[in-house]
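Only the coordinates and a few stated rules stand behind these numbers; no lab work does. Keep in mind that what you see is a predicted model, and the values were worked out from it rather than measured. Note that each Cβ is placed from the backbone with ideal geometry, even for glycine, and that neighbours are counted across all protein chains shown.
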Amino acid sequence: MFHYFSFTSVFKIIEKLINFINSIFFIILTIGLTFALVLSPPDYLQGETVRIMYIHVPSAWIALGCYSAIFFLTILHYIFKIKNFFIISKSIAPIGLLFTCLAIITGSIWGKPTWGTWWAWDARLTSMIILMCFYILYIISIKFIKIDSLKDKISTFLILLGAINIPIIKYSVDWWNTLHQPASINITGTNTIHSSMIVPLALMLLVLLIYCALIFLMKYKTEIIKIKKKNLFNYD
Amino acid sequence: MIKNIFLTNTESIFVLASFLIVFVACFIFYKKTLKTLKKYENEFSKEVSKLPKTRRQSVLRKSKIINHILVSTKKSI
């Protein structure tokens, strides 16, 4: 089964996917921005500032999604010892860090007009800062530790330890009294957000997911080239 | 919203600032990733061309992926 994850079979489709994403990205971005900035209505309470939600919420979802993906890939890498899973995790981590920072910054900008402050040390915001720290530690560990076995152990430990923070981020708004509002979108329950706002939110999520896919493919391709360059003198 | 931007509504400044920060950060990150990819593609291509002819042919025969990398590098140049 795992031969489908081999570098050769994956590399063939990377080129095609990058070209495809480049061709459709600006069309979807234009549609997403039109919905987010022009067509969606202002909120009855927050007014125009509610539009920050269209980039803040997808950024936060992507940040959490990337960490969850790295967590599962790390477990798979630990069990099956397939290097490709580690390479994929390594390629996803910078994307996760970028979107964690963007979620924090856009959240802070949104906080000023709605809460009256740029920052508050409440549970959701603090747990997002902790997530950012784990991303930074993970990236530092895979970049600067040269011994492979030690790098594997430390990066796996960091990811497993940081995974405790994921449910804390998700449920922090329910467990503690925070400035941050509770979740408006529930996959299992009822949504407290109007349908006219769900469409631009979904579109902006799609835009950012496509962007993430593009960056991931480029980073993954770079990693494959690095490995092949290192092994160039071993084809005997 | 567009009308409010031109009226320099205070709320719109926050909205514009957050959208701008996200898109500028994403653009810089994209450019940086692309630059790194090109750098490694070119370095790899140079390494392969430095190999002696017989060895290069042997490497290209044995590894399909190296062929793919070289083809994609030539396309991007």
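Mind checking A:106-113 for the average number of partner chain beta-carbons within 10 Å of each residue's beta-carbon?
3
Considering every residue in A:51-63, what mean count of other chain Cβ atoms within 10 Å of its Cβ is obtained?
Average per residue, whole number: 3.
Calculate I(q)/I(0) for segment A:60-163 by the Debye formula, one identical point scatterer on each C-alpha and no solvent, and give its log10 at q = 0.10, 0.22 Å⁻¹ to two decimals.
Treating every Cα as an identical point scatterer, log10 I(q)/I(0) equals -0.31, -1.08.
Take peptide B:28-36, look around each residue's Cβ out to 10 angstrom, count Cβ atoms belonging to other protein chains, and average those counts.
Mean inter-chain Cβ contacts per residue within 10 Å come to 4.
Of the cross-linked pairs A:230/B:32; A:16/A:143; A:83/A:221, which ones have a Cα-Cα span greater than 19 Å in the structure shown?
Violating the 19 Å limit, Cα to Cα: A:230/B:32; A:16/A:143.
Taking residue A:170 as the anchor, which aspartates and glutamates have their alpha carbon closer than 20 Å to its alpha carbon, excluding any fewer than eight residues away along the same chain?
Correct list for residue A:170: A:122.
Convert 10 °C to kelvin, take the viscosity as 1.306 mPa s, use the Kirkwood radius over C-alpha pairs of segment B:2-72 as Rh, and evaluate the Stokes-Einstein diffusion coefficient in µm²/s, rounded to a whole number.
Rounded, D is 99 µm²/s.
Counting helices only, and only those DSSP H runs with n ≥ 4, report the 222 nm mean residue ellipticity of chain A as the sum of -39,500 (n - 2.57) divided by its residues, in deg cm²/dmol to the nearest 500.
So the calculated ellipticity at 222 nm is -26000 deg cm²/dmol.
With angles folded into 0 to 90 degrees, how steeply does helix A:83-115 sit against the dominant principal axis of chain A? Use alpha carbons for both and round to 10.
So the helix axis and the longest Cα principal axis differ by about 20 degrees.
Nearest 10 degrees, 0 to 90: what angle lies between the long axis of helix A:195-230 and the longest principal axis of chain A (Cα atoms)?
The answer is roughly 20 degrees.
Using only Cα atoms and rounding to the nearest 10 degrees, what angle (0 to 90) does helix A:7-34 make with the longest principal axis of chain A?
So the inclination is approximately 20 degrees.
Could you list the square roots of 5 times each eigenvalue of the Cα gyration tensor of chain A, that is, the equivalent ellipsoid semi-axes, sorted largest first and rounded to whole Å?
35, 23, 14
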